[in-house]
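Beneath this line is the structure, given in structure tokens, with notes to follow.
The values are calculated or read from the model by the stated rules, or taken from the named source; none is laboratory data. Just so it is clear, the model here is predicted, and its values are computed rather than measured. Backbone-built Cβ (ideal geometry, glycine too); neighbour counts: all protein chains shown.
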Amino acid sequence: MKKTVVAVVIGSVIASASAMAAEVYKSDDLSVNAYGNLRARYETTDNGFMGADSTFTGEGTELGLGITYFLDNNVYINGDVLTELNIIPEDGDGNDDDSFLKFGSVAIGGDFGEFRMGRMSAVQDSIAGQYDITWEYGGTANIKNDWSATDRLTNGIQYKYDMAAYGLTMMAQYHTGDEGIDQTGASNPDNGELGIDQAYAVGVAWESDFGLGLSGTYTYSERTKQDVTYGGDDDTSWTLNATYNIQSLSLAAMYSDYDFAGDEQTGIGAMARYDLPSGFGLYGVYDYVDYDTQDDKLNQYTIGADYWLNDSVVSYAEYADMSFDDEVAGNDDSAFTIGMRVYF
């Protein structure tokens with residue numbers, strides 16, 4: 001998924017709404033915004049592991065609504081929901097990728113920062129992975145899952161503070177847990193060992209006025225039961241990121257380290273992107289993951305090109321190749337997609 005550094009640093013569902021939201025209603029003390037995107041793409045793969053084969057899909061289409069009340073002393077109250085519609089499932093038969101509530105939260109904010117609670121992006125998802133500027137296939141080294149509190153939080157409490165004068169953003173989260181939820185997000189007592197009892201995360205991001213950006217995250221989660229495969233009962237992950245922009249050239253790199261209940265993994269990601277004056281962009285991304293516990297390694301290369309017809313419409317083409325040393329942690333595959341997104 002393509003993200004700009006600014007949107008990543010903001011670390012809130014409001015970030016996606018702010019750039020292209022359609023203002024439904026506006027008064028001195030109330031703002032109502034509708035936002036989202038329509039997606040359509042054709043995808044083909046060699047072995048079907050990176051996606052579906054020879055399929056047209058609208059997977060990932062989103063629709064959101066944000067309501068903000070403005071109070072005295074720069075204080076505001078915000079409520080925001082985002083639904084993923086998946087109007088044309090990826091496998092084409094209508095039996096997977098059902099619509100679901102992606103985010104839903106309420107917040108109070110002001111000069112003191114912002115407190116938010118509900119279903120939201122985890123700190124790692126909000127801050128880490130700036131190197132992933134692909135539309136579909138990159139970001140493998142930025143390992144994140146709902147069940148390790150590194151992707152989305154089912155029941156989260158978050159504090160975020162921006163120091164705009166210094167280009168600094170700080171975030172802290174507490175996850176109250178989702179007992180009995182397995183790695184698919186379904187209620188399954190047989191897989192309760194994947195449920196989160198509670199989790200903690202912190203992150204900081206800094207963006208300079210000369211093109212350099214640095215960020216880091218740390219997440220710790222306690223599981224409801226001991227993992228039956230690796231023997232652990234908690235997860236830890238941390239990431240370090242660096243970005244640099246100079247005129248039309250963008251560079252970024254990431255290092256990540258994970259221990260998922262005894263399953264140790266390390267990731268490295270890097271990217272380069274060049275934007276032409278005509279609106280075309282060319283990019284390449286490299287992902288490397290060392291599955292230390294499983295004694296396997298992944299190398300993935302992604303290349304692509306995109307073209308912004310205007311500020312809201314983008315078309316793109318992307319090719320990726322992933323290969324494992326021993327195909328223990330995953331399977332070799334390659335994929336190609338061509339698509340378009342319309343943001344509003």
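Remarks
- For segment 217-244, the tally of residues that are without any contact (Cβ under 8 Å) to a residue 60 or more places away in the chain and either under 30 Å from D275 (Cβ atoms) or in contact with a Cys (Cβ under 9 Å, 6 or more places away or on another chain) (or both) stands at 3.
- Output for segment 329-341, where each listed residue is aliphatic (A, V, I, L, M) and modelled with pLDDT of 95 or more: A335, I338, M340
- Single residue of segment 288-340 satisfying the filter (closer than 23 Å to S237 by Cβ and hydrophobic (A, V, I, L, M, F, W, C)) that is farthest from the chain's Cα centre (by Cα): V328
- Filter result (crowded, with 18+ Cβ neighbours inside 10 Å and either at positive phi or touching a residue at least 60 places away in the same chain (Cβ under 8 Å) (or both)) within segment 264-288: Q265, G267, G269, M271, R273, Y283, V285, D287
- In segment 233-258, the qualifying residues are those that are hydrophobic (A, V, I, L, M, F, W, C) and surrounded by fewer than 21 Cβ atoms within 10 Å (Cβ to Cβ), and the one that is nearest to Y220 (Cα to Cα) is W238.
- For the criterion of being surrounded by 14 or more Cβ atoms within 10 Å (Cβ to Cβ), modelled with pLDDT under 90 and touching a Gly at 6+ places or on another chain (Cβ under 6 Å), G118 fails.
- The requirement of being of a type outside the set (D, E), over 22 Å from W147 (Cα atoms) and crowded, with 17+ Cβ neighbours inside 10 Å is not satisfied by A261.
- Failed item, numbered, when G129 is tested on (1) modelled with pLDDT under 95; (2) farther than 22 Å from Y286 by Cβ: (2)
- Segment 281-307, residues that are part of a strand (DSSP E or B) and either of a type in the set (D, E) or modelled with pLDDT under 95 (or both): D287, D290, D296, D306
- Residue match in segment 81-96 (condition: among the hydroxyl-bearing types (S, T, Y) and either farther than 23 Å from K144 by Cα or in a loop (DSSP other than H, G, I, E, B) (or both)): no
- Applying the condition of being charged (D, E, K, R) and more than 17 Å from S27 (Cβ to Cβ) to segment 48-74 and asking which residue is surrounded by the most Cβ atoms within 10 Å (Cβ to Cβ) yields E59.
- Residues in segment 17-57 that are part of a strand (DSSP E or B) and either on the phi > 0 side of the Ramachandran plot or aromatic (F, W, Y) (or both): Y25, Y35, G36, Y42, F56.
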